[in-house]
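One structure is given here, and the rest of the page talks about it.
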Ligand code: LLP
């Protein structure tokens, strides 16, 4: 029997007809922890990080993991121990970094809507940098910092107006996006920042989108950013660090993004050629560190063959894996223990009461109810985007290394879900 191809990390593969993460069969983990279950390979995460670290060795550089991709504490701890700082977008993410035991001094704070309270807390804890996304935000941060008798280190997020050639919902560096400060306003905004008593100009940053699979948008964005650095420094304002954001894509369905080390070797050559090779470099990768390192294991509940479509109803749903419903995203779906027999074409769907609750269209699979399926490339933007829709508890998570596995998040119980709710009779009194 030929086995399905498994895109992504080599750490997720068939051994003796069993889909394994590292050496651990997923069927064993499903038996022990139930389904739906997210399983991550620690080795795959470390290898993905190493691909960024290799070309940066010997340079002033730091990787700030964009933790929105997967903010589970154990994942943060693993990446902190491996030398990462964190790119955060909320006060909640800041508290997660602290709970993971990582220092606030390794945090940079992105996002278009930081509140005063979030700014205050980040200043108290002493984060490395605020990535400023509007002129109005710069003024508010200045006021907060002055009220605390301190100066906030800032980098201004520039919108370079480069098309990353990805899904419109995850493209962020075009003029029509809500992110960053327009290219034309950048120098003036730096002039203002340099005059403000509560602001210390530290760097410049850009982030053009996500799931980028080509080199050209990165090379263009770097050129545009460096042109701006020259213009800003001509005004006597020094830019100490250059932050190029994240966005590198992964293999969902035979996608072939450049490898991080290949891409960065290219980009560093450009940086050196333009005379900026000695600046502190900062990167904010999310998906490319964790995406291909994870799978979601789900059980087939019911098979419902029909005249027009055959439905395979599984116990994972859009609340666990929101990417197909939100972005029409493709995730490969493969059997955990492939069975011989005829394949049929299935619509793989969840139990949530919405027609949009699908995980995969037209998948050729040989199935019986009770089988386990693995939804691949599920390490990024799945658990971190999971919800309780239909009052479904969020899934459990397991981290695997070699032959070892560890539960890193218990399955959410109904008591967990009800904890903050008050009965109607008392709520209003
Ligand atoms: N830095 C900033 C400022 C960002 O906004 C993002 C992602 C990143 C870094 C990390 O990008 P990455 O390396 O992960 O591509 N939920 C969507 C993706 C949203 C990305 C938002 N920003 C999805 O599931 O495809």
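Just wondering, is there one or more residues in segment 348-363 that are assigned to a loop (DSSP other than H, G, I, E, B), in contact (Cβ under 8 Å) with a residue 12 or more places away in the chain and in contact with a helix residue (DSSP H, G or I) (Cβ under 6 Å, 6 or more places away or on another chain)? Yes, segment 348-363 contains at least one residue that is assigned to a loop (DSSP other than H, G, I, E, B), in contact (Cβ under 8 Å) with a residue 12 or more places away in the chain and in contact with a helix residue (DSSP H, G or I) (Cβ under 6 Å, 6 or more places away or on another chain). Taking strands (runs of 3 or more DSSP E) as the structural unit, those lying wholly within segment 68-140 and holding at least 2 residues that are more than 14 Å from the chain's Cα centre (by Cα) and surrounded by 18 or more Cβ atoms within 10 Å (Cβ to Cβ) correspond to 107-109, 129-132.
Checking residue 162 against (1) buried (at least 21 other Cβ atoms within 10 Å of the Cβ); (2) part of a loop (DSSP other than H, G, I, E, B); (3) without any contact (Cβ under 8 Å) to a residue 40 or more places away in the chain, only one condition comes out false. Which one? Answer for residue 162: the failing condition is (3).
Going by the structure shown, is residue 13 assigned to a strand (DSSP E or B) and surrounded by fewer than 18 Cβ atoms within 10 Å (Cβ to Cβ)? Answer is yes for this residue. The residue that is farthest from residue 212 (Cα to Cα), among those in segment 172-188 that are at pLDDT 75 or above and touching a strand residue (DSSP E or B) at 6+ places or on another chain (Cβ under 7 Å), is 186. Only one entry in 218, 190 is part of a helix (DSSP H, G or I), crowded, with 18+ Cβ neighbours inside 10 Å and within 16 Å of the ligand (Cβ to nearest atom), namely 218. On the stretch given as segment 304-343, residues that are assigned to a strand (DSSP E or B) and either more than 33 Å from the chain's Cα centre (by Cα) or within 16 Å of the ligand (Cβ to nearest atom) (or both) total 1.
Checked against the criterion of being more than 16 Å from the ligand (Cβ to nearest atom), crowded, with 20+ Cβ neighbours inside 10 Å and in contact (Cβ under 8 Å) with a residue 40 or more places away in the chain, segment 260-270 has no qualifying residue. Looking only at residues in segment 237-252 that are touching a residue at least 40 places away in the same chain (Cβ under 8 Å) and more than 18 Å from the chain's Cα centre (by Cα), the one that is nearest to residue 359 (Cα to Cα) is 242. In segment 271-281 there is at least one residue that is surrounded by 15 or more Cβ atoms within 10 Å (Cβ to Cβ) and in a loop (DSSP other than H, G, I, E, B).
Yes/no per residue for (1) modelled with pLDDT under 95; (2) within 21 Å of residue 127 (Cβ to Cβ); (3) in contact with a strand residue (DSSP E or B) (Cβ under 7 Å, 6 or more places away or on another chain):
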| site | (1), (2), (3) |
| --- | --- |
| 31 | no, no, no |
| 37 | no, no, yes |
| 41 | no, no, yes |
| 44 | no, no, no |
| 54 | no, no, no |
| 59 | no, no, yes |
| 71 | no, yes, no |
| 79 | no, yes, yes |
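Before we move on, is residue 64 within 30 Å of residue 337 (Cα to Cα), within 16 Å of the ligand (Cβ to nearest atom) and at pLDDT 95 or above? So residue 64 does not fit the description; no.
Answer yes if at least one residue in segment 362-376 is surrounded by fewer than 20 Cβ atoms within 10 Å (Cβ to Cβ), within 16 Å of the ligand (Cβ to nearest atom) and at pLDDT 95 or above, and no otherwise. Scanning segment 362-376, I find no residue that is surrounded by fewer than 20 Cβ atoms within 10 Å (Cβ to Cβ), within 16 Å of the ligand (Cβ to nearest atom) and at pLDDT 95 or above, so the answer is no. Residues of segment 364-373 that are in a strand (DSSP E or B) and in contact (Cβ under 8 Å) with a residue 24 or more places away in the chain: 365, 372, 373. How many residues, within segment 379-404, are within 16 Å of the ligand (Cβ to nearest atom) and surrounded by 15 or more Cβ atoms within 10 Å (Cβ to Cβ)? Of the residues in that region, 8 qualify. Restrict the check to segment 374-383 and report whether at least one residue is in a helix (DSSP H, G or I) and touching a strand residue (DSSP E or B) at 6+ places or on another chain (Cβ under 8 Å). Scanning segment 374-383 turns up at least one residue that is in a helix (DSSP H, G or I) and touching a strand residue (DSSP E or B) at 6+ places or on another chain (Cβ under 8 Å). Against the list (1) within 20 Å of the chain's Cα centre (by Cα); (2) within 25 Å of residue 272 (Cα to Cα), the condition residue 179 fails is (2). As a summary of the residue check, residue 407 satisfies the conditions (1) in a strand (DSSP E or B); (2) touching a helix residue (DSSP H, G or I) at 6+ places or on another chain (Cβ under 6 Å) except for the one numbered (2).
The values are calculated or read from the model by the stated rules, or taken from the named source; none is laboratory data. In this text, all values refer to a predicted model and were calculated from it rather than measured experimentally. Counting neighbours? That spans all protein chains shown, and the Cβs are built from the backbone with ideal geometry, glycine included.
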